[in-house]
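The structure under discussion appears below in the form of structure tokens.
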Amino acid sequence: MTLLHITGARPNFPKAAPVIAALAELGVRQRLIHTGQHYDDRMSEVFFRELNLPRPDANLGVGSGSHAQQTAALMIGLETEMVTTSPELVIVYGDVNSTLAAAIVAAKLNIPVAHVEAGLRSFDMTMPEEVNRRVTDALSQLLFVTSPDAIAHLAAEGADQESIHLVGNPMIDTLLAQVSRLDVDRARASVGVGEDYIVATLHRPGNVDDPQIAADLVAVVHDAAGLAEVVLPLHPRGRSTLEALGIGDHPRVHVVEPLGYLDFMSLVRGALAVITDSGGVQEETTVLGVPCLTLRPNTERPITISHGTNQLVTTHTLAGALAEQVAARRAMPDRLVSPTTVPPLWDGHAGPRIASIIVNWLDDRYGR
Ligand code: UD1
Ligand code: UDP
């Protein structure tokens with residue numbers, strides 16, 4: 001009996017780590033596949049060095065391409081892998097192209113799929129992730145959800161209630177497992193910022209692909225630097241566009257390579273505020289109690305607004321919201337105090353919950 005975990009892009013790694021560890025504790029045989037969707041050291045390898053993740057059993061080396069090219073290459077590589085290893089269950093994470101491709105291939109081979117982080121919806125079909133989420137959920141037999149709103153979305157789409165499990169958030173398991181290793185001063189020193197700084201991350205196609213939209217973002221990041229130094233670990237998508245628009249041409253904006261998990265989370269932990277369009281960062285800031293200004297018209301993670309520190313902003317509203325949050329943060333005696341309330345079950349135990357549901361499901365289905 002073998003379970004196959006499919007990872008490939010940066011956000012997959014911190015989500016998969018606690019699930020793999022918890023299944024290993026229960027003695028389940030597992031294979032970890034890295035599709036190679038992300039391949040730079042700072043987008044991939046660094047997570048295997050820093051997090052509790054085994055080496056992948058195979059790296060399919062798929063790399064970059066248009067959606068169709070990349071998804072096709074992913075499907076071809078994953079089909080060979082699944083035909084060769086005949087897993088009893090394929091476990092996919094989040095909403096990236098590797099997730100979608102694995103779900104389609106497994107479904108066509110009649111292999112059941114478990115989707116970790118099911119049911120999130122932005123209701124914005126211009127986002128590639130929304131397409132990936134909807135298709136993956138429609139093809140999955142086990143739907144592990146991180147927030148109650150996701151249950152309602154899946155039910156509305158006709159998912160069998162029995163397949164839906166509210167388990168908490170494995171991304172947060174990883175954060176809570178690593179929080180004692182975070183070192184704000186060391187991370188600050190490594191990027192050369194003082195004690196008062198803002199962290200920014202930008203990589204959504206809707207923000208960084210079109211130079212005209214990206215130019216507005218450059219302007220607001222430069223504006224933010226009027227309040228405090230800004231550290232921007234720049235994702236490879238949009239790097240050339242943002243750099244051509246002069247994102248780094250400001251003495252208080254530090255454009256750096258993507259950071260390893262520990263340096264990144266350390267910087268977030270000690271920040272006055274975070275400006276982002278990332279999915280995961282909206283959740284991590286909620287748990288660390290750091291104000292999060294999300295430069296997007298919508299979010300598939302509204303629980304980070306209702307139960308957390310997140311707010312949606314535009315290039316017009318960012319400056320006002322940021323000034324308010326930064327002033328409140330500067331007035332706090334200790335920035336490192338964690339919030340007392342977080343979304344339900346974001347307690348560091350999602351991995352073990354998922355593992356135990358999977359083992360029971362395997363018992364029922366295969367009489368393991
Ligand atoms: C992908 C996910 C997105 C997720 C993001 C996390 C899809 C459709 N999108 O977006 O949901 O939020 O990862 O980081 O799966 N590149 C490199 N080095 C790398 C990887 C990528 O230089 O290691 C560059 C290439 O030019 C590539 C571009 O980044 O064409 C985009 O990479 P891709 O994996 O297609 O999508 P992301 O924008 O990274
Ligand atoms: N992250 C990191 N270094 C960085 C930026 C992000 O380690 O420089 C981590 C962080 O934990 C974040 C995760 O990578 O939540 C996924 O980030 P990304 O924004 O790429 O993906 P998304 O969540 O938007 O799909």
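We did not get these values from a lab; they are worked out from the coordinates using the rules stated. Computed from a predicted model, the values in this text were never measured in an experiment. Heads up, the Cβs are rebuilt from the backbone with ideal geometry, glycines too, and the neighbour counts pull from every protein chain shown.
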Rank the residues Ser64, Ser98 as a footprinting-exposure proxy: fewest other Cβ atoms within 10 Å of their Cβ go first.
Ser64, Ser98
Can you compute 3J(HN,Hα) from phi for each residue in the range 108-117, using the Karplus curve 6.51 cos²θ - 1.76 cosθ + 1.60 with θ = phi - 60°, rounded to whole Hz and x for Gly and Pro?
5, 9, 6, 9, x, 10, 10, 10, 8, 5
Going 7 Å from the Cα of Ser86 along its beta-carbon direction, which residues of the range 26-44 have the amide nitrogen within less than 19 Å of the resulting point?
29-32
Based on DSSP loop calls and a cut-off of at most 14 other Cβ atoms within 10 Å, the longest stretch of the chain free of exposed GluC sites (Glu not before Pro) is what?
196-368
Quick check: residue separation of Asp364 and Arg330 times 0.36 nm, minus the Cα distance between them. What number comes out in nm?
6.8 nm
Among Val131, Leu100, Gln178, whose Cα projects farthest towards the positive end of the dipole of the range 96-198, with charges put on the beta-carbon of Lys, Arg (+1) and Asp, Glu (-1)?
Leu100
Part-to-part distance (alpha-carbon centres) for the range 160-197 and the range 237-266, which is given in Å
20
Net charge dipole size for the chain [Lys, Arg +1 and Asp, Glu -1 on Cβ; Debye, nearest 20]:
380
Would you please give the residues with an amide H less than 5 Å from that of His254, counting only those at least 5 places away or on a separate chain, with H modeled from the backbone geometry?
Val230, Val231, Leu232
Separation of the range 214-230 and the range 299-342 by C-alpha centroid, Å?
17
Zone reached by a paramagnetic label modelled 7 Å from Thr317 Cα along Cα→Cβ, restricted to the range 280-303 with backbone N below 19 Å, covers 282-283, 286, 291-303
Measuring from label point to label point, each 7 Å out along Cα→Cβ, what is the Asp41 to His222 span in nm?
3.3
